[in-house]
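Please read the structure below before turning to the comments.
FYI, it's all coordinate maths here, none of it is from the lab. Keep in mind that this is a model prediction, so the values were computed, not measured. Ideal geometry is used to build each Cβ from the backbone, glycine not excepted, and the neighbour counts take in all protein chains shown.
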Amino acid sequence: MPTSLPNIITTIQKTINTNADEVAELDRAIGDGDHVVNLQRGLDALNNIESELAEMDWSAAFMKIGMTLMSTMGGASGSLFGTLFVSMGKAAKGQELDLTAFSEVFYQGVESVKQRGKADIGEKTMLDTLIPVANSLVSDAQNTIPLTVALNNAKAVAITGMESTKELIATKGRASFLGERAIGHIDAGARTSQLMICAVVDVLDKQ
Ligand code: ADP
Ligand code: MG
């Protein structure tokens, strides 16, 4: 039962709010500047339904999170983060979420984001954070790495993946119109994905 969800949502909101100016600046530099506001709107909507979410099983909660993000966020990121969670909800059906099951569920979610966005690693998007995290979790689960180590590995690859977007040219999303002028700027969605993943790990680490 996702009784930890309200705490996770609040912690994510705090991190995003703390870094809001920086993220807005990133999206202004190579996009249209609205990414953080879109995300804050989605997180507010999740905050409003947190007691409902805490009553659900993980599958239903992921599904509800995905639908809520899709209907409230807007922007490319709204449909992509929405897809991530709807797909995780489908994959989590009937599962106890230990590290192995969660890694598979997250991997499926990221696969759906790739399909939805017609994008892959190295295109200067949120996927440069999400794909390395999915791969790291799956590999650590297969190698029966202890949970806390796996979580901290996920955090480390999220940061490396986010930072990798700085030197990339974008081939998807608004930043793709800029060609080489996008070089030197971190992708906003890669940064918020990393911030959220690190926040989730910090909450789980304390439990
Ligand atoms: P919009 O680009 O519609 O203004 P946002 O600003 O909310 O939407 O989100 C932009 C972020 O969405 C980008 O920083 C990037 O990480 C992500 N993104 C955009 N297009 C794609 C895509 N095709 N695949 C994966 N991620 C994408
Ligand atoms: Mg934008």
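Among 198-207, 125-134, how do they line up by average Cβ neighbours within 10 Å per residue, starting with the highest? Intermediate results must be reported in sequence, preceding the final value.
Values: 198-207: 15.1, 125-134: 26.5.
Highest mean packing first, the order is 125-134, 198-207.
Relative to the first principal axis of the alpha-carbon coordinates of the chain, what is the inclination of helix 147-164, with its axis defined by its Cα atoms, in degrees from 0 to 90 and to the nearest 10?
That works out to roughly 10 degrees.
Going by average Cβ neighbours within 10 Å, how do the peptides 147-155, 34-42 rank, with the highest at the top? All intermediate terms of the calculation are to be shown ahead of the outcome.
Numbers: 147-155: 17.2, 34-42: 21.1.
Put in order of decreasing packing, that is 34-42, 147-155.
Compute the whole-percent fraction of alpha carbon pairs in segment 1-99 spaced more than 20 Å apart. Mind showing how you got there, number by number?
On the way: 1886 of 4851 pairs.
Cα-Cα pairs of segment 1-99 separated by over 20 Å account for 39 percent.
Any chance you could give the angle, 0 to 90 degrees and rounded to 10, that helix 5-18 forms with the longest Cα principal axis of the chain?
The two axes meet at around 20 degrees.
Counting Lys and Arg as +1 and Asp and Glu as -1, what is the net charge of the other residues whose Cβ lies under 15 Å from the Cβ of G33? Before the final figure, lay out each step's value.
Numbers: positive: R28, R41, R174, R191; negative: D21, E22, E25, D27, D32, D34, D187.
Net local charge, G33 excluded: -3.
How high is the relative contact order of the chain? Use alpha-carbon pairs under 8 Å, at least six apart in sequence, and give a whole percent.
Working: 343 pairs, mean separation 46.6, N = 207.
Rounded, it is 23 percent for the chain.
Summing -39500 (n - 2.57) over the DSSP H runs of n ≥ 4 in the chain and dividing by its residue number, what mean residue ellipticity at 222 nm do you reach, to the nearest 500 deg cm²/dmol?
Working: 10 runs with 149 residues, N = 207.
The per-residue figure over the chain is -23500 deg cm²/dmol.
Expressed in nm², what is the orientationally averaged projection area of the convex hull enclosing the Cα positions of segment 5-206? Walk me through the numbers on the way to the answer.
Numbers: hull surface 39.7 nm².
Its Cα hull, projected and averaged over all orientations, spans 9.9 nm².
How far is helix 75-91 tilted, in degrees, relative to the longest principal axis of the Cα atoms in the chain, given as a value from 0 to 90 rounded to the nearest 10?
With both axes taken from Cα atoms, the answer is about 30 degrees.
Subtracting the Cα-Cα distance from 0.36 nm times the residue separation, let me have the gained length for R116 to K206 in nm, one decimal.
On the way: separation 90, 0.36 × 90 = 32.40 nm, distance 3.40 nm.
My answer for the length gained is 29.0 nm.
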